[in-house]
Amino acid sequence: MAQRRPVPAGLGHDRRLTLYEADVDLTGPLADWTAHLSVVREATVPMPEPLAALLIEMTE
């Protein structure tokens with residue numbers, strides 16, 4: 001039988017409790033995620049106009 005993972009302190013059995021409410025420090029992971037999003041935004045290119053027009057046409 002599979003073992004269940006222990007519930008982090010402060011979470012109890014209410015899975016709706018957020019990590020912020022459980023006093024979990026997310027500073028490092030959030031900074032990493034923000035940096036990742038910045039790199040992704042800088043690498044994006046505009047969609048070619050014919051492709052954009054085709055996608056709009058398909059949704060109508």
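Brief remarks follow.
- Ranking of V24, V45, V39 by solvent-accessible surface, largest first: V45, V39, V24 (1.4 Å probe, protein heavy atoms only, all chains present).
- Amide H contacts under 5 Å for V24, placed H, 5+ residues apart: none
The values are calculated or read from the model by the stated rules, or taken from the named source; none is laboratory data. The shown structure was predicted, so the numbers you read here are calculated from the model rather than taken from an experiment. Heavy atoms of the whole protein, side chains included, go into the accessibility calculation; ligands, DNA and RNA do not. Shrake-Rupley method; radii C 1.70, N 1.55, O 1.52, S 1.80 Å.
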